[in-house]
1. Evaluated at 10 °C with a viscosity of 1.306 mPa s, what Stokes-Einstein diffusion coefficient in µm²/s does the protein assembly as shown have when Rh comes from the Kirkwood expression over alpha-carbon pairs?
2. Suppose only helical runs count, i.e. DSSP H with n ≥ 4. What mean residue ellipticity at 222 nm does that imply for the protein assembly as shown under -39500 (n - 2.57) per run, divided by all residues and rounded to the nearest 500 deg cm²/dmol?
3. Per-residue Cβ counts within 10 Å, from other chains only, averaged over B:18-31: what number is that?
4. Stokes-Einstein D for the range A:12-100 at 10 °C, 1.306 mPa s, Kirkwood Rh over Cα pairs, in µm²/s?
5. What percent do you get for the relative contact order of chain B when only Cα pairs under 8 Å and 6+ apart count?
6. Set the Förster radius R0 to 22 Å, insert the Cβ-Cβ distance between B:Ile51 and B:Asn77 as r into 1/(1 + (r/R0)^6), and round the FRET efficiency to 0.05.
7. List the lysines whose alpha-carbon lies under 17 Å from that of B:Lys83, not counting same-chain residues fewer than 8 positions away?
8. Using a 10 Å cut-off on Cβ to Cβ distances, tally the other chain neighbours for every residue of B:84-92 and report the average as a whole number.
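Laboratory data are not the source of any read-out in this text; all were calculated from the coordinates shown. What you are looking at is a predicted structure, and each value in this text was computed from that prediction instead of being measured. Ideal geometry is used to build each Cβ from the backbone, glycine not excepted, and the neighbour counts take in all protein chains shown.
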There are 2 protein chains.
Amino acid sequence: MEQTKELDSSRLELAASMLKAIAHPMRIAILKHLEGGKKRTVSEIHELLGIEQSTTSHHLGILRDKGVLCSQREGKNTFYYLKFNILSQIVDCLETCTCD
Amino acid sequence: MEQTKELDSSRLELAASMLKAIAHPMRIAILKHLEGGKKRTVSEIHELLGIEQSTTSHHLGILRDKGVLCSQREGKNTFYYLKFNILSQIVDCLETCTCD
DNA sequence: CTTAAATATTTATATATTTGCATTTTTAAA
DNA sequence: TTTAAAAATGCAAATATATAAATATTTAAG
């Protein structure tokens, strides 16, 4: 019995929760800064986006909890990065679909 | 001044609202049934998914209002279909990322 | 052991979403 | 013009989400 390629009920739930995590302007912007396997700290993203530190941490936490990002602590810093590089496709697709 | 390929603030809002529309188990399932340019009526989707007619219409309305689907009425039926076929990429990507 | 930088968590309020049921509207056919 | 099928809308209760401010935790350096 191999892994199905279809989206059954529980996989639909998981897929929706991942997508819901991404579906926020700030969090899409975060993903933009993590394309190509880049790893960034909370502070870097906090400065790049110009939003509160706690808000930044909160958004990153959501993305990690829902399986979109991974994190790895190094000293005082925590680096975040895409769990699946293929997720950039979603941002790319949105760029195409919001051209007009 | 040509159309930028980047996601500025208002395009981020638009992208997020499209993605939020998709980010629901039932609505992902709906998109699955519209891949490849297929057109389906409210009733067909209502039967395929086994959910209430009004709930089906509601979900389809959200997807249309947010620019994910288009609709076209033909007699008593309203056919819904993907506004951009490329949107299937998002569903495909989710299938890949929820394999494990 | 103290301090300060970097993250993370808690809390509270405001806002938004989901769902089914009932109702209404639209359209074709009798 | 009455009827029935198909679709859309209004409503209300339960649930979920966003945000910022305040607080807490973790870690390296002094």
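1. For these conditions, the coefficient is 89 µm²/s.
2. That calculation yields -16000 deg cm²/dmol at 222 nm.
3. The mean count of partner-chain Cβ atoms within 10 Å per residue comes to 6.
4. 120 µm²/s
5. Numbers: 91 pairs, mean separation 28.4, N = 100.
Reported relative contact order: 28 percent.
6. On the way: r = 18 Å, r/R0 = 0.82.
About 0.75, to the nearest 0.05.
7. By straight Cα distance, B:Lys83 reaches B:Lys20, B:Lys32, B:Lys38, B:Lys39, B:Lys66.
8. 4
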